[in-house]
Every structure is written in structure tokens, then in C-alpha cells.
Amino acid sequence: MNFNLDLMISSFPLLLLGAGITIKITVLSVALGMVIGLFVGIARISNIRIFRAASAVYIDFFRGTPLLVQIFLVYFALPVVTGQRVDPFVAAIGACGINSGAYVAEIFRAGIQSIDEGQMEAGRSLGMTWGQTMRYIIVPQAFKRVIPPLGNEFIALLKDSSLVSVIGFEELTRRGQLIIAKTYGSLEIWISVAIIYLVMTLTISRFVAYLERRFRADDKH
Amino acid sequence: MISIEGLKKSFGEVEVLKGIDLSVKEKEVVVIIGPSGSGKSTLLRCMNYLEEPTAGTVAVDGIVLDGEANINKVREEVGMVFQRFNLFPHMTVLANIMLAPMKVRHIEKAEAEKTAQELLAHVGLEGKATAYPPQLSGGQQQRVAIARALAMKPKVMLFDEPTSALDPEMVGEVLDVMRRLAEDGMTMVIVTHEMGFAREVGDRILFVDDGRILEQGAPADVFEHPREERTRIFLSKVL
């Protein structure tokens with residue numbers, strides 16, 4: 001076996017550029033997923049039947065089909081319908097964010113349902129509307145509780161973002177493939193790629209653990 | 001102030017309230033007693049529509065409760081104190097009290113804070129404004145909950161077993177606050193197991209059993225000369 005350390009070192013800056021794009025896709029997708037997830041999650045437990053039904057369909061569809069297929073749907077199938085090419089960046093963020101939204105919705109739903117019913121009753125008894133009670137009382141408390149599962153979702157999405165390499169988007173995994181195509185250094189490059197992913201996911205999990213500790217300390221006061 | 005006619009409430013197959021007629025006058029203190037599972041908490045919760053009646057009507061201050069249309073308006077006028085306090089644990093004591101006046105009554109922050117501080121002083125907790133509910137004892141939490149309800153300047157206060165979740169040594173401090181409230185002329189409906197308090201503070205005692213008001217009257221009459229056998233048996237167990 002021939003291990004080329006120089007190749008590893010020389011390709012590192014290029015891979016880091018890819019990692020930067022991976023981070024960008026992930027952060028934007030998580031942001032999109034959180035917004036979608038919050039609304040779909042609340043709709044899932046709303047009193048209004050059509051909201052409940054629509055959010056259930058959303059969650060079932062996007063959790064029940066592979067992200068890879070969803071990326072193909074957005075990038076290749078959607079243009080057939082609209083007649084317009086979809087920008088790979090938009091397709092990547094769109095597919096990842098919409099997919100993540102389904103998972104985040106379930107996380108928020110569970111978090112909201114874990115809050116004692118008495119909190120909603122207290123808010124409503126004071127004359128606040130359902131929406132006001134959700135906004136000021138329920139969601140802030142639920143948010144603290146869902147930080148660990150949201151962290152898991154963040155990590156999962158960062159790894160899954162490698163799938164957008166299939167539409168030619170040059171994030172970390174795709175960069176690796178391109179370098180290997182030129183250098184044939186499969187061993188060195190895939191090890192480098194794996195290490196960079198690992199560093200990123202470990203950083204996130206440490207950060208989530210820190211947030212969790214801070215909020216737990218917050219609860220005790 | 002509160003007027004209830006033919007009120008029935010079922011949970012699934014179980015009929016908890018089997019026809020209640022009741023009217024509560026302004027400044028009246030009505031105390032509801034009765035065995036566990038008799039429906040007294042459900043009756044109280046129907047008065048601010050936390051439970052939707054299966055049949056019959058509940059009217060507060062002349063407004064018939066009929067669901068979302070007017071429910072928030074009525075609830076602004078009806079304060080509720082729960083057995084388990086239900087304070088908002090992520091907010092300071094002061095923020096707990098200020099929230100609803102600001103969001104529902106649209107009162108300026110400075111004024112809401114002033115009122116909140118006055119109410120805290122009124123319930124003997126002036127030093128606890130910046131504390132968080134989990135840092136307080138049960139008795140203190142319940143007094144904050146009373147202050148929070150009072151901040152809306154309600155016309156009626158409902159108390160759902162306000163001392164049942166408290167350690168015995170903390171019951172007195174909460175009852176003191178309620179006693180003063182009654183003396184100040186607040187209209188109150190109280191579900192409680194504190195018979196001494198019921199007798200002292202209540203203008204009228206309702207004995208509820210099996211979903212019906214079995215007996216009612218002045219405290220002296222109900223406690224000294226209960227007419228119904230069921231009332232006698234209940235009182236002999238709790239007194």
C-alpha cells in the first residue's frame with residue numbers, strides 16, 4: 001500500500017473550500033427546516049382539521065421518501081413541470097430544508113406536547129388567545145427541551161448534505177470526488193473527507209451539549 | 001355575576017355534571033365542597049369554559065359563554081387559580097404577573113410593572129419580583145398565581161383547590177390572602193377541602209355530590225344542621 005501524505009496535505013485547502021459550502025448548505029437548510037418545522041409542528045396539533053391533515057401529509061411524504069429522490073424531484077422533475085431550470089444551490093437548500101422541516105416538525109410537536117397542559121390552561125384563563133399562549137408560554141419552554149433532538153437533526157442534515165453532490169453541487173463530498181478523478185488518491189482523499197466531516201459534527205455536538213448545560217442551569221437558577 | 005342553568009357535562013360515557021343550576025351574586029363568596037370525583041372542579045372549570053358544557057348555559061356578567069367567539073373576553077374578567085399553580089417557569093415572578101395585562105389589556109409596560117409590584121406587596125412577596133417560580137415554595141408560588149390573576153382586575157375569582165398541593169405549614173399563608181380578598185369584596189367561587197376556611201369566609205356553602213348540588217345554604221346551617229344524609233356522612237369524615 002502506498003500512502004501519499006503530500007497529496008493529503010496539498011488537497012486539503014480545496015477540500016476545506018468544499019467544507020465551507022457544506023456548512024453554508026447545512027446552516028441555510030437548518031434555518032429553513034426550523035421555520036417550516038415550527039409551523040408544521042404547530043399545525044399538526046392545531047384545532048383546525050385541515051391544518052392537521054395537511055401537516056400530516058407533509059410529514060409523511062418527506063419522511064417517507066429518500067432525500068436523494070427529493071433532490072432529483074426538485075432539480076430534474078420540477079423543471080419539466082415549470083419549464084424553468086432550477087439553480088443547483090436553490091435546489092440543494094430547498095430539498096434539504098423541506099426534508100429537514102418534516103423531521104423538525106415532529107421534534108417540535110413532541111416538545112410542545114411535553115409541556116404540562118396546565119400551562120395552556122393558565123394562559124387561556126388569563127384571556128390570552130391560543131396563539132398568544134403558544135408564542136409566549138408554550139413554544140419558549142418547548143424550545144429548551146428540543147435542543148438535544150434538534151442538535152441530532154443538525155448533525156444528520158450536515159451528513160446528508162453530501163447527497164447534493166449528485167446534482168453537481170461542489171460541497172465537500174463532490175470536491176473529494178473531483179480531486180480523486182484527477183489524482184486517483186481514493187485512500188488519502190476519502191480519509192481527509194471523513195476527518196473533515198467528523199470535525200464538523202463533533203463541533204456541533206459539543207456546541208449542543210454546551211447549550212443544553214446552559215439551559216439546564218437556567219432552569220435551576 | 002355568574003348564572004348557570006341546566007349545566008351538564010359528560011366525559012365520553014361518564015356524566016360528571018347532571019344538571020346544575022346556580023347563580024352567584026356580586027361580592028358573594030361561594031364555597032363548593034364535596035367528595036372527590038363529585039364534579040366540583042368540573043363545575044368550576046365550566047365557569048370559564050376550560051370545560052365545554054355538554055348541555056345548559058353558563059353566563060358571566062350577563063354574557064352567555066358559547067365558545068371561541070366571546071371566550072377570551074369573558075376570561076379577561078374571570079381570574080382562575082389552580083391547584084398546581086401553573087406559573088410560567090421560564091419567566092420571572094414579575095413577568096408572570098405582567099404578561100397578560102400587557103398582551104391582552106394592552107397596558108403600558110411601566111404601568112403593568114407598577115401594578116405587579118403593588119400586587120406582590122399585597123400578597124407579601126415584594127422581595128421576590130426577580131425570582132423564578134421554581135425557586136419559590138409552594139405557598140409563595142400560589143400567592144404569585146393569585147397576584148397574576150388579580151393583575152387582570154377580574155370581576156370574579158375562581159379557586160380550584162388552591163391549597164391541596166401545599167405542605168400543611170403553607171396552607172395558612174394562601175388562605176390569608178384569600179380571606180383578605182373576600183374582605184375587599186371580590187366575588188369568589190372556591191373549591192376546597194379546608195372546612196374551617198369554608199365556614200369562616202364563605203357566604204354560601206354548596207355541597208356537591210354525584211354531579212348535583214345536593215344541599216346549599218349559609219355555612220352555619222350546612223355545617224351545623226345538614227339536611228341530607230349524604231352531607232352528614234361527608235362532614236363527619238372531614239370535620
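The values are calculated or read from the model by the stated rules, or taken from the named source; none is laboratory data. Just so we're clear, the structure is a prediction, and the values are computed from it rather than from any experiment. Cβ placement follows ideal geometry from the backbone for every residue including glycine, while neighbour counts extend to all protein chains displayed. Accessible surface is based on the protein model in full, side chains and every heavy atom, while ligands, DNA and RNA are left aside. Shrake-Rupley method; radii C 1.70, N 1.55, O 1.52, S 1.80 Å.
Among the numbered conditions (1) within 14 Å of another protein chain (Cβ to nearest Cβ); (2) open to solvent by less than 10 Å² (accessible area, probe 1.4 Å); (3) under 18 Å from the mean Cα position of the chain (by Cα), the only one that A:Phe143 does not meet is (2). Regarding B:Ile63, is this residue over 18 Å from A:Gly118 (Cα atoms), within 14 Å of chain A (Cβ to nearest Cβ), in contact with a helix residue (DSSP H, G or I) (Cβ under 6 Å, 6 or more places away or on another chain) and not acidic (Asp, Glu)? Considered against the rule, which asks whether it is over 18 Å from A:Gly118 (Cα atoms), within 14 Å of chain A (Cβ to nearest Cβ), in contact with a helix residue (DSSP H, G or I) (Cβ under 6 Å, 6 or more places away or on another chain) and not acidic (Asp, Glu), B:Ile63 comes out as yes.
The helices (runs of 4 or more DSSP H) found wholly in region B:92-197 and carrying at least 1 residues that are of a type in the set (A, V, I, L, M, F, W, C) and more than 19 Å from the chain's Cα centre (by Cα) occupy B:93-103, B:109-122.
The residue pairs whose first member lies in region B:20-41 and is free of Cβ contacts under 8 Å to residues at least 40 places away in the same chain, whose second member is of a type outside the set (Asp, Glu) and open to solvent by 10 Å² or more (accessible area, probe 1.4 Å), and whose beta carbons are closer than 6 Å, counting only pairs six or more residues apart or on different chains, are B:Ser23/B:Ser3.
Does any residue of region A:115-136 turn out to be more than 14 Å from chain B (Cβ to nearest Cβ), surrounded by fewer than 17 Cβ atoms within 10 Å (Cβ to Cβ) and in a helix (DSSP H, G or I)? It would help to see each step written out before you state the result.
Going residue by residue through region A:115-136, those that are more than 14 Å from chain B (Cβ to nearest Cβ) are none.
Scanning region A:115-136, I find no residue that is more than 14 Å from chain B (Cβ to nearest Cβ), surrounded by fewer than 17 Cβ atoms within 10 Å (Cβ to Cβ) and in a helix (DSSP H, G or I), so the answer is no.
Given the structure, is A:Phe51 touching a residue at least 40 places away in the same chain (Cβ under 8 Å) and assigned to a helix (DSSP H, G or I)? So A:Phe51 fails the test. Name the single residue that is farthest from B:Asp61 (Cα to Cα) among those in region B:1-36 being basic (Lys, Arg) and open to solvent by less than 80 Å² (accessible area, probe 1.4 Å). Only one residue tops the list, namely B:Lys18.
Here is the figure for region B:87-120: residues that are over 18 Å from A:Tyr136 (Cα atoms) and not aliphatic (A, V, I, L, M) total 5.
Examine region B:116-127 for a residue that is within 12 Å of another protein chain (Cβ to nearest Cβ), surrounded by 21 or more Cβ atoms within 10 Å (Cβ to Cβ) and in contact with a helix residue (DSSP H, G or I) (Cβ under 9 Å, 6 or more places away or on another chain), and state whether such a residue exists. First the steps, then the outcome.
Let us first name the residues in region B:116-127 that are within 12 Å of another protein chain (Cβ to nearest Cβ), namely none.
Looking through region B:116-127, none of the residues is within 12 Å of another protein chain (Cβ to nearest Cβ), surrounded by 21 or more Cβ atoms within 10 Å (Cβ to Cβ) and in contact with a helix residue (DSSP H, G or I) (Cβ under 9 Å, 6 or more places away or on another chain).
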